[in-house]
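See below for the structure under consideration.
Quick note: the coordinates plus some simple rules give every number you see, no bench work behind them. Just so it is clear, the structure is predicted and the values come from calculations on it, not from any experiment. Note: ideal-geometry Cβ built from the backbone for every residue, glycine included; neighbour counts use all protein chains shown.
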Amino acid sequence: MFRTVVPVFIALVIAIGGGAWSLRYALEHGLGMETLTVGPWQANPDIGTPDASPYARAVVARRGELPLGRAEGLTFHALNDSSGAALERNCSYSIAGELPPARFWTLHAADPAMRPLPAVGLRPAALQSTAMLHDGGDSVLVTASPHPTPANWLALSGTGRMILVLALYDTPIASSTEISRIVLPRISRLGCE
């Protein structure tokens, strides 16, 4: 009897523990199956559509997000800079380059749980296309830093890892024919405290 109960108990512990671990892993990394990568930026074009995988839907439901549909736009996330180093809140970054055509776009910094970073004084850790200084073309130059900088400053606060979130609204790249031609800004580290 004892020889039967112990192996059954061990098998149940392994099955339940392995199932719980694989579920947690899928909920934390379930978006990676359909990820579009452009330099350091990543997006999930199908996440707001009926074509999204069950894992992606579970991740979105767990985070409480409201993803954009294909006709609405596309959201890109950057966890690393263009050299592959993790983005840190106590560092300064240059975000420079062309943006795809879009009626409106936003750029903000978030913590690893996707909560927007707190404001620095009266300055939120977010920018939008209508409040940007442009050079006349489709390119953008933003400095993300904990210290004020001239021109387009994305205010950072605190310490630890961060994620840059670029949301493009009403953009033709959301359709499948334009996705292969996306060009996004480079993220270059300028220095750290």
Query - Label-point separation in nm, Thr149 to Val8, each point 7 Å along Cα→Cβ - result: 6.5 nm
Report summary line: Tilt, helix 54-63 to longest principal axis of the chain (alpha-carbon atoms), in degrees rounded to tens, equals 70 degrees
Query raised in the report: How far is helix 2-29 tilted, in degrees, relative to the longest principal axis of the Cα atoms in the chain, given as a value from 0 to 90 rounded to the nearest 10?
Result: 10 degrees
Report summary line: If each K or R counts +1 and each D or E counts -1, the residues other than Gly97 whose Cβ falls under 11 Å of its Cβ total -1
Report summary line: Calc'd 3J(HN,Hα), segment 64-76, phi into Karplus 6.51 cos²θ - 1.76 cosθ + 1.60 (θ = phi - 60°), Hz, glycine/Pro = x, comes to x, 8, 10, x, 7, x, 4, 6, 8, x, 8, 10, 10
**Report entry** Karplus-derived HN-Hα couplings along segment 148-153 (A = 6.51, B = -1.76, C = 1.60, θ = phi - 60°), whole Hz, x at Gly and Pro
**Finding:** x, 10, x, 6, 8, 10
Query - Gained length - Thr130 relative to Ala85, 0.36 nm times residue gap less alpha-carbon distance - result: 13.2 nm
Report summary line: Taking Rh as the Kirkwood radius computed over alpha-carbon pairs of segment 8-133 and applying Stokes-Einstein at 25 °C with viscosity 0.890 mPa s, one gets a diffusion coefficient in µm² s⁻¹ of 143 µm²/s
Query raised in the report: If you stretched the chain out fully between Met114 and Asp138, how much longer would it get, using 0.36 nm times the residue separation minus the C-alpha to C-alpha distance?
Result: 5.9 nm
